[in-house]
Every structure is written in structure tokens, then in C-alpha cells.
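K.L.:
Can you read through this structure? Questions will come right after.
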Amino acid sequence: MERSEAYGFSAAMSGAFLLSCLLFAAINRRQRGPYMDEAFHVPQAQAYCHGRFLQWDPMITTLPGLYLVSVGVVKPAAWLFGWMGSVVCSVGMLRFINLLFSAGNFYLLYLLLLKIHLKNKAVSAFQRILSTLTLAVFPTLYFFTFLYYTDPGSVFFTLFAYLMCLYGNHKTSALLGFCGFMFRQTNIVWTVFCAGNVVAGKLNEAWKTELQKKKDEKIFSKKGSFSDLIRILQFLIKYFISPKNLVTLTALTWPYIILVTAFFVFVFINGGIVVGDRSSHEACLHFPQLFYFLSFTVFFSFPHLLTPAKIRKFLLSLRKHPVQYSLIAVVSLFLIWKYTYVHKYLLADNRHYTFYVWRKVFQRHELVKYVLVPVYIFAGWSFADMLKSKSIFWILMYFVCLLAVTVPQKLLEFRYFILPFLIYRLNIPFPSLYRQLLELAFYIVVNAVTFYFFLNRTFQWPNSDEIQRFMW
């Protein structure tokens, strides 16, 4: 990092943290007590603070990573600064843990952008810092920086594991992946993603060697044709039936294999992936979740995906491949018809934005969910088009992980989309400076509106005296 870039990055990170501290103080003045899921997380962390490590709230569905880290930070700080009484492990103090995670995420996002786009000399230091700032204030993640939720810590350890994987420190990556798993069990998918990065790299090397032997570079350059798909499948079968290749991959990914094996042992002993309230978190094949994620991605990446050039390119692709798109549309309609689920929380809790999205869009008419299929197809095409700079094996690996982390979820919850979105956004090519500025401005506006509603547009339920607030 050059000195000017280091100064610019330090200024951006310090400024963002200072503004976050001011916003943090405003939120804690307005909402002093636990809110929403904090009603479960805060008492559990406070029990750990008082040494009651065997106490457990059965309504909590995640492992105790957040509470263990909180106690590990707050207790030494209390001893160092002489804090006593109610200030130790208070709601505000516990929330501050996530503000620290947010600063860590800022730094990790910068390092990941630097590593992933290392070979792109056209990217300026200003663009890297600007993209880092934009991703650091990504609305769905940034909001939960100010509440005691698992999301900032979950993102921190997962991004850290991904960074270590890219640098080849796989034992460290697996250890950090375990920490991420302790925050949210579904993060095991991103451990598989890290292992998949290694496998995809080896596959890509072998594929290029194969092409060199055949002296047929067109096979590698023509992505997307049916004949290419057949060749790739044949190559994969040939590669994975080789004992030598399997031994090589195992030697490279054994830390991840151990962690994934431990995960399956945990699921077997626990009787499921959820540790607490299982009745409200049942796994199912909710394929439309993939469509919701793609729409979510288009919404938050519209400066890159909703451009006239992109739309023209999509229409041209549509005209050239009508049979393929017709087949995709039919399959999408079938998946929506057979596999759409509506969670009871989605219909009952009017504090979440998803409640209004469902009511204002999907509940207008029973045919709306089918009418949106063209939107989903465009979203999927533009999503894939932005990843075309990655190898076909990386794309396949990412898509498998995306399916694994979204489809089993019955509840439509935007927080579940944070990590797949960030990993996608980190890996797409750097957009123009204009589009980066537009993206940052859009995120700032969305955050401003979100915090305005949360702080000022409160309401009450008829059967309760508690103040309710709108949130993601």
C-alpha cells in the first residue's frame, strides 16, 4: 500500500467509525432496552457475564459465539478501566461489540478487494477505498451494527476466513470458519466455499493444461454453450476419478474437511442444525428464495446491473437463445408453483420490511409471483454476466454454495442474503467511478431512510404498551 493510499484509507475508516459512533449514541438514547431478537441475545450474554455458562434460552437458535466473544472483550475491558455495576455487559456495552466488528469488517473488505483485484492495475487507490466504504455501509449489514445481533460478527469471521483462504493459510481459514460457525451454523457453507476456492483453482489449472494439449483455446473462451458444458462435465468426471487428484485436493483442503466432518457430527448429535426453537426454523426446499436473492442483488447493485447496455445485451441473448430461456421460464414457474412457502413470521410481524414487501407485492394477487418470472430471469442473467470474469469452476462452486445457504430457509429474511451478496460484490469487476459514487449515494440514502423510520416513526400494537420500530 502506497503512503497516499494508506492515508486515504485511514481517513475513510476513521471518518466512518466516528460517524457510526455518533449514530450509535443516538440509537442508544432512543432505544435503551433490548429490541426484537436482542430480548433473547442480551440476557443470554449477561448470564455468561455472570459466569452462568450452563444457562441457555431455548428460544435462541444459534451457537454461543457472540456471547463468548462479548464476555472475552467486555470482562477484560471492565477490569482494565475499573468498570463496575450495571455498565458491565449493559445493553449499550454489548451493542458496542458489533461496532468493533464493523470496524474490523471495513478493514477486511479493503484487504479482500486488494487481494481479489490484485492483477487489475487499472483500479486506482481511490476506487478501492470508495468500494470498501460502500460495502462497509451496505444497508442490511450496517443497520445491525447498532443492535446486538449475530450478523456483524458472523460476517467478520467469514470474511476473515475467506481472506486467509485466498492467501493460502488454510488451517487459519478453517479455524476462523469454525468461529463463524459458532455465530451462525449456516456459515459452514462458506467453509465449503473456501475449500471450493482451492478446488476451483486446481481445476482451472488442469483445464487450461487440457486445452493446451488439444490446442483448442475456443473451448475455454466460449462459455455457456451446450457442447462446452458436456466437455466440462467429462473433464470433471475424469479429474475426480483420478486417485492422484483426490489425494492432492485432500492434502490441500484437509482443514476444511475436518471442520465439515465435525459439522455433520454436530448435526447428528444435535438432531438438526438449529439448537433452540426448531418449530419456527424448519428446513425446506424453498427454491423461490434464490429468486428473492437475485432480485435483492439487482436492487442493491442497480448502478451496475440496470444499465441500458446490460438490458440491450440481455434482449440480444433472449433473441439468440429463445428455447433455453423458455425452458428456464417453465422450470421457474414450476418451482414457484410447487415450492413457495410463507413463514408465519413473515405474515405476522409488521416491524420488518419483508412484511410490507410481501403484502404490497406478492399478496396483491395470486398470479403476481408468476408474473415476476421475467424479472427473475433478467436478474439471474445479469448476476451471472457480472461474474463472467471468474472461471467456470469458481462460478459453479459459488452457485452451489448460494443454493445451499438460501434454498433451505423457509423465512424470507434479508439478513440471510448479506454474506452471499458481499462475496458476489467483492468478486465482480470494478465499475466506473461514476457508478461507484452512485452506488454509495444510494446506500447512504437507504440507510438514512432506514434509521429515520427506526428512530422517529414508532408505533404501538393494540395489545401492547411497548414502542415498536421498523427495521430490516
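The values are calculated or read from the model by the stated rules, or taken from the named source; none is laboratory data. Predicted model only: the values in this text are computed from it and were never measured. Methodologically, a virtual Cβ is constructed for each residue, glycine included, from the backbone with ideal geometry; neighbour enumeration extends over all protein chains shown. These accessible areas exclude ligands, DNA and RNA; they are computed on the full protein's heavy atoms, side chains included. Shrake-Rupley method; radii C 1.70, N 1.55, O 1.52, S 1.80 Å.
K.L.:
Report, by residue number, each residue of region 104-121 that is open to solvent by 60 Å² or more (accessible area, probe 1.4 Å) and not basic (Lys, Arg).
P.N.:
Residues satisfying the conditions are TYR107, LEU118, ASN120.
K.L.:
Also: Check every one of the helices (runs of 4 or more DSSP H) wholly within region 227-324 and list those with 1 or more residues that are under 30 Å from PRO374 (Cβ atoms) and touching a helix residue (DSSP H, G or I) at 6+ places or on another chain (Cβ under 9 Å).
P.N.:
In region 227-324, 288-300, 302-305, 308-320 are the helices (runs of 4 or more DSSP H) which contain 1 or more residues that are under 30 Å from PRO374 (Cβ atoms) and touching a helix residue (DSSP H, G or I) at 6+ places or on another chain (Cβ under 9 Å).
K.L.:
What single numbered condition from (1) assigned to a loop (DSSP other than H, G, I, E, B); (2) buried (at least 21 other Cβ atoms within 10 Å of the Cβ); (3) out of contact with any Asp or Glu (no Cβ under 8 Å at 6 or more places or on another chain) fails to hold for TYR148?
P.N.:
Every listed condition holds for TYR148 apart from (3).
K.L.:
Something else now. Would you tally the residues in region 277-292 being more than 16 Å from THR186 (Cα to Cα) and buried (at least 19 other Cβ atoms within 10 Å of the Cβ)?
P.N.:
4
K.L.:
Filtering region 117-142 down to residues that are of a type outside the set (Ser, Thr, Tyr), under 17 Å from the mean Cα position of the chain (by Cα) and part of a helix (DSSP H, G or I), which residue is nearest to LEU68 (Cα to Cα)?
P.N.:
Going through the qualifying residues, I end up with LEU141.
K.L.:
Okay, moving on. How about region 54-103: which of its residues are aromatic (Phe, Trp, Tyr) and either open to solvent by less than 30 Å² (accessible area, probe 1.4 Å) or in a loop (DSSP other than H, G, I, E, B) (or both)?
P.N.:
Of everything in region 54-103, those that are aromatic (Phe, Trp, Tyr) and either open to solvent by less than 30 Å² (accessible area, probe 1.4 Å) or in a loop (DSSP other than H, G, I, E, B) (or both) turn out to be TRP56, TYR67, TRP83, PHE101.
K.L.:
Output the number of residues of region 28-39 satisfying the condition of being open to solvent by 20 Å² or more (accessible area, probe 1.4 Å) and farther than 27 Å from ALA283 by Cβ.
P.N.:
Adding up the residues that qualify gives 7.
K.L.:
If you go through region 239-250 one residue at a time, do you hit one that is modelled with pLDDT of 90 or more, within 19 Å of ASN197 (Cβ to Cβ), open to solvent by 60 Å² or more (accessible area, probe 1.4 Å) and under 29 Å from the mean Cα position of the chain (by Cα)?
P.N.:
yes
K.L.:
Still on this structure, please answer the following. Is it the case that region 40-53 has a residue that's surrounded by fewer than 16 Cβ atoms within 10 Å (Cβ to Cβ), of a type in the set (A, V, I, L, M) and more than 23 Å from ARG469 (Cα to Cα)?
P.N.:
no
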